[in-house]
1. Every residue in segment 10-40 that is modelled with pLDDT of 75 or more and loosely packed, with under 10 Cβ neighbours inside 10 Å, please.
2. Quick one: count up the residues across segment 47-81 that are assigned to a strand (DSSP E or B) and either among the acidic types (Asp, Glu) or closer than 15 Å to Phe32 by Cβ (or both).
Amino acid sequence: MAERGLSVRETENLVRRALKGEGATPAKRVEFSVVSEVLRTKSVRVELQKKASGAARIVVEVADAGTRDAVLEAIKGAAKR
């Protein structure tokens with residue numbers, strides 16, 4: 001709240017209003033029409049989230065930094081082809 005220059009009292013009022021459901025409307029969530037788990041191993045999980053428009057998001061969850069680095073290198077290598 002410091003970024004917005006709000007006092008403690010103004011912040012408390014905003015919190016009260018938010019808890020009551022008043023104030024700004026929440027941001028619209030993007031709905032995905034299809035969510036598919038593409039891969040699951042002990043250290044990697046890959047999910048494909050497709051929108052109705054054909055656009056998609058690939059979500060990669062990794063268990064540790066070493067796995068993360070290996071996945072990133074594989075992606076970079078594939079992009080160079």
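The values are calculated or read from the model by the stated rules, or taken from the named source; none is laboratory data. Note that the structure is predicted; figures quoted are calculated from it, not measured. As a convention, Cβ positions derive from the backbone with ideal geometry for all residues, glycine included, and neighbour counts pool all protein chains shown.
1. Leu19, Lys20
2. So the first thing to find is which residues in segment 47-81 are assigned to a strand (DSSP E or B), and the list is 47-50, 56-62.
Among the residues that remain, those that are also either among the acidic types (Asp, Glu) or closer than 15 Å to Phe32 by Cβ (or both) are: 47-50, 56-59, 61.
Residues flagged as assigned to a strand (DSSP E or B) and either among the acidic types (Asp, Glu) or closer than 15 Å to Phe32 by Cβ (or both) within segment 47-81 amount to 9.
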